[in-house]
Every structure is written in structure tokens, then in C-alpha cells.
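Just so it is clear, none of the values below were taken in a lab; they were calculated from the coordinates. For clarity, every value in this text was computed on a predicted model and none was experimentally measured. All Cβ positions, glycine included, derive from the backbone under ideal geometry; neighbour counts span all protein chains shown.
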Ligand code: ARG
């Protein structure tokens with residue numbers, strides 16, 4: 001098969017080598033962006049009289065026809081045309097004749113592919129932002145139902161202090177808010193047009209880069225043609241933002257998995273998000289949460305892969321850069337799917353409030369309350385800490401909890417303790433009294449919830 005670049009060659013590559021070098025199997029995902037970019041370019045060629053307005057119109061019509069076919073899934077790609085750019089150009093000339101060959105005037109696949117990727121990511125980031133908001137809304141929905149659901153908060157995965165479940169869920173809301181903002185802020189760097197940089201050095205044709213940028217809805221154009229075709233920072237940044245977002249999902253996934261274990265029993269997932277075992281009839285496995293935790297590996301891998309590909313690449317375009325696509329597509333699909341699943345999983349999970357409440361009565365997560373109580377009675381905090389530590393040890397030896405100690409036993413440890421200590425030791429009180437700004441106190445959580453809702 002004759003190549004678009006075949007003039008200088010006396011033989012064509014063997015088929016398996018051709019296949020190895022081709023990107024059409026995956027870059028066909030850019031078909032719409034490629035057509036869109038070509039339409040803008042060819043309109044500009046007509047407007048600037050680089051080609052005649054009639055020729056321009058003819059090519060635009062041909063491209064619109066290809067767009068329709070693409071939408072209907074009717075395009076047939078061929079490996080011998082290497083990539084999406086050459087495939088479409090071939091289809092165009094087959095359809096409208098040699099005038100189709102004028103499309104590539106003043107353009108190179110180098111600025112073309114970069115343009116496609118910018119257009120593609122701009123669109124995808126917008127979609128991902130929407131999915132982040134949906135997950136945030138699901139978290140807010142559950143938080144709203146669970147402001148006064150009390151459970152142990154953990155450090156070192158050891159029970160630490162009682163908290164409101166809403167507070168725990170909202171911690172993820174704020175994490176995701178930062179992710180959202182990172183994606184949002186990155187748009188500024190995606191929203192730049194490389195089109196017209198041509199191969200690397202610009203072109204002798206009197207093109208109008210601002211016009212094509214405007215046609216494509218870009219906010220700016222690259223100032224340097226060499227930077228325009230070499231830059232993949234916007235992809236690295238996208239992969240990095242995605243890696244961090246899915247890392248956050250992975251942390252929540254881990255909690256969901258723990259909480260739905262028999263040992264915790266804090267939540268039950270809706271059947272849709274779980275699967276059974278082929279051998280153990282009793283099983284209900286939190287598969288989706290596990291899978292998302294697992295998929296974090298490939299998303300982080302895609303980031304590391306891209307950085308490694310770019311390291312040591314001289315300017316400008318190098319074929320290495322064809323490796324920028326699969327990881328990016330994979331991250332887009334993986335993250336989008338994970339966010340969608342997570343939103344549903346959170347919205348539909350059953351929170352076992354009684355189990356949480358029971359847990360918080362069977363631990364020492366109110367020990368800080370007692371130490372704080374002694375401190376307010378004038379005992380230096382370090383001393384109070386020591387006294388309470390000893391009381392905890394007494395309880396462990398007696399197989400009971402702080403609330404089970406008699407006032408006599410408590411006074412023996414420290415005479416400053418009064419009857420009012422029992423009120424202070426109640427886990428619900430412990431939560432309620434943590435009303436410092438951003439704390440887990442019910443009033444603070446309600447305040448926080450209002451702020452979160454305003455961001456939805
Ligand atoms: N398929 C190529 C890629 O994805 C398109 C750009 C090719 N440019 C070139 N000069 N070979 O990177």
C-alpha cells in the first residue's frame with residue numbers, strides 16, 4: 001500500500017513492523033477531535049486564501065461527511081494508514097478526490113496530534129469534574145443522615161476518640177474538593193492551541209493561528225512552535241491529578257472494605273456493589289471497592305510511565321511520544337468508571353448506626369475526656385495523662401471500661417474527680433463537646449455540612 005510519506009522510500013515495511021509502529025488501534029479514540037481540528041484548519045486555509053474558498057468548502061463538506069460516518073460507527077480503519085490522522089486523510093481523498101490532499105497544507109501531524117490531545121483532555125476533564133461532584137453529593141447525602149451517628153475515630157487503626165460519622169465522610173468531601181480544584185485549575189494549561197506550530201518551526205504560509213484557536217474554543221495559543229509540539233506537561237498533570245484522586249478513592253475503598261467486614265460491621269453495601277463466592281454460599285464480597293483500590297496501581301503506573309517516556313527526550317517531536325496515548329485513555333476510562341461506581345456505592349450503603357454506637361461504648365476512646373476533665377480541675381495535663389493511663393490499665397485488668405468504674409475507684413485514682421465525670425465520659429458528650437472550629441462536635445459538623453453543600 002502506498003504511504004502518505006512514501007515518496008522518499010523504495011520499499012514498504014514488513015507488515016508486522018508496520019503493525020508495531022501503528023497507533024490506529026488506539027488513537028481512533030481521537031476521531032472526533034481530529035475531524036474538528038481539521039475543519040478549523042481548512043476553514044482558516046480558505047479564509048487566508050492559502051487555498052481557494054471553494055476548495056476549503058469542499059474539504060469541510062468531506063470532513064463533515066466523515067464526522068457523520070464516525071458518529072454512526074461506519075468508519076473502517078486500516079493499519080497500513082498508521083494512525084487516525086493518515087486514515088482520515090486517506091478516506092477524505094478517496095471521497096472527494098485529490099483536493100483532499102490540500103488539507104495538510106501548512107500543517108504537520110505533530111501539531112495535529114497535539115491539538116487532538118488538547119481538545120480531548122479538555123472535554124474529559126470537564127466530565128471528570130462532573131463525576132467528582134456527584135461523588136461529593138453522595139458523601140454529603142450520607143453525612144446529612146449521620147450527623148449524630150457516633151463511632152470510634154481511629155489513629156494507627158486503633159480506637160482513638162469518638163467522632164460523628166458525618167465528620168468522617170466529610171473528610172473525603174474536602175479531599176475530593178481539592179481534586180476538583182486541581183482539575184479545574186489545570187484546564188488553563190490544557191486550553192491552549194498548538195495548531196499552526198506545524199512540524200516544529202512554524203510555516204511559510206500566512207496562516208492565522210488565532211483564528212483556528214478561536215474556532216476550536218481554545219483560550220490561548222502556544223507562544224513557541226517548538227514548545228507547542230513537544231509539550232506533554234498537560235498530560236502529565238492530568239495523570240498526576242488522576243493518580244491523586246484515585247489514591248483518595250483507594251483510601252476510602254479500604255475503609256469501606258474494613259467497615260463491611262464482620263469484624264467492624266459498620267456498614268452494609270448494596271447488593272449491586274458486591275459479589276458472592278462460587279464456593280462459600282455465605283459470602284458477600286466488596287468487589288467494587290477492592291477493584292478500585294487495585295486499579296489505583298495502573299493509574300499511578302500511567303503517570304510514572306509518561307514521566308519516564310518524556311525523560312531525556314530532545315526537542316521536538318519524537319516517535320516516543322506516541323506512547324502518551326494509551327495510558328491517558330486508560331486513566332480517563334478507569335477514573336471515570338471508578339468515580340461513577342463510588343458515587344452509587346456511597347449513596348446506597350446502609351449505615352449500621354447501632355453497631356457504631358455499641359463499638360464506641362466498648363473501648364477507651366473516652367480516655368482523653370477524662371484527662372481533659374482532670375486538666376480543667378487544675379491538674380497539669382501530663383499528670384492527668386498518667387493518672388488516666390493507670391485507670392485504663394486497672395480497667396483492662398478488671399475487664400471493664402472507664403464508665404464501669406465506681407466513683408470510689410475513680411476518686412482513689414484522683415480525689416478531684418466528682419460525680420459529673422460520668423456525663424463527661426459519655427461518648428456522645430465527647431463528640432458534642434469537640435466544638436472547636438473544624439472539630440467533630442455536632443454543631444461544627446452541621447456548620448461544615450452547610451459549607452460543603454454550597455460547593456455542590
Ligand atoms: N501517531 C503519531 C502519534 O501519535 C502521530 C504523530 C506522528 N508524527 C510523526 N512525525 N511521525 O504521536
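Contour minus end-to-end for residue 315 and residue 392, with contour as 0.36 nm per residue of separation and end-to-end as the Cα-Cα distance? If you can, show how the numbers build up before the last one.
Details: separation 77, 0.36 × 77 = 27.72 nm, distance 6.59 nm.
In short, 21.1 nm is gained.
Could you sort the peptides 397-405, 10-18 by per-residue average Cβ neighbour count (10 Å cutoff), highest mean leading?
On the way: 397-405: 13.6, 10-18: 10.1.
Result, highest mean first: 397-405, 10-18.
Quick check: pseudo-label points 7 Å beyond the Cα along Cα→Cβ at residue 49 and residue 126, how many nm apart are they?
It is 3.6 nm.
For every helix of n ≥ 4 consecutive DSSP H residues, a contribution of -39,500 (n - 2.57) applies; sum these over the chain, divide by its total residues, and give [θ] at 222 nm rounded to the nearest 500 deg cm²/dmol.
Values: 19 runs with 280 residues, N = 456.
Calculated mean residue ellipticity at 222 nm is -20000 deg cm²/dmol.
Using per-residue counts of other Cβ atoms within 10 Å, averaged over each peptide, order 63-69, 151-157 from highest down.
So the peptides 63-69, 151-157, ranked by packing, come out 63-69, 151-157.
At 10 °C and a viscosity of 1.306 mPa s, what translational diffusion coefficient does Stokes-Einstein give for the chain, taking Rh as the Kirkwood radius over Cα pairs? Give it in µm²/s as a whole number. Please report the intermediate quantities before stating the final value.
Values: Rh = 26.4 Å.
This corresponds to a translational diffusion coefficient of 60 µm²/s.
How far is helix 165-190 tilted, in degrees, relative to the longest principal axis of the Cα atoms in the chain, given as a value from 0 to 90 rounded to the nearest 10?
20
For segment 66-186, max minus min Cα coordinate along each principal axis, in Å, sorted largest first?
That works out to 75, 28, 23 Å along the principal axes.
Starting from 0.36 nm per residue, how many nanometres of slack lie between residue 381 and residue 210 once their C-alpha separation is accounted for? It would help to have the intermediate numbers written out before the result.
On the way: separation 171, 0.36 × 171 = 61.56 nm, distance 6.70 nm.
Stretched out fully, the residue 381 to residue 210 stretch lengthens by 54.9 nm.
Give me the extension gain from residue 26 to residue 282: residue separation times 0.36 nm, minus the current Cα-Cα distance, reported in nm with one decimal. It would help to have the intermediate numbers written out before the result.
Details: separation 256, 0.36 × 256 = 92.16 nm, distance 4.19 nm.
Here the segment from residue 26 to residue 282 would lengthen by 88.0 nm.
Based on the mean of other Cβ atoms within 10 Å per residue, sort peptides 209-220, 224-235 so the most packed one is first.
The peptides rank, most packed first, as 224-235, 209-220.
For segment 110-358, what does the alpha-carbon gyration tensor say about shape, rounded, prolate or oblate, given a ≥ b ≥ c as the root eigenvalues, a/c under 1.5 as rounded, and a/b over b/c as prolate? Walk me through the numbers on the way to the answer.
Details: a/c = 3.06, a/b = 2.42, b/c = 1.26.
Prolate, since a/c reaches 1.5 and a/b exceeds b/c.
Rounded to the nearest 10 degrees, what's the angle between the helix 31-47 long axis and the longest principal axis of the chain, both from Cα atoms, 0 to 90?
Result, in degrees: 50.
Is the C-alpha gyration tensor of segment 11-50 telling us rounded, prolate or oblate? Criteria: a/c under 1.5 is rounded; beyond that, a/b larger than b/c is prolate, otherwise oblate.
Values: a/c = 7.63, a/b = 2.04, b/c = 3.74.
In terms of gyration-tensor shape, oblate.
So how far, in whole Å, is the C-alpha centre of segment 38-62 from the one of segment 116-168?
The distance from the Cα centre of segment 38-62 to that of segment 116-168 comes to 49 Å.
Just the Kirkwood number for segment 205-324, please: inverse of mean 1/r across all distinct Cα pairs, in Å, one decimal. Don't skip to the answer; put the middle values down first.
On the way: mean 1/r = 0.0548 Å⁻¹.
Averaging 1/r across every pair of different Cα atoms and inverting gives 18.2 Å.
Just to verify a number: FRET efficiency for residue 72 and residue 224, C-beta to C-beta distance, R0 = 35 Å, to 0.05?
Step by step, r from the Cβ atoms, then E = 0.30.
For helix 53-71, report the angle its Cα long axis makes with the longest principal axis of the Cα atoms of the chain; keep it between 0 and 90° and round to the nearest 10°.
Helix 53-71 sits roughly 40 degrees off the main axis of the chain.
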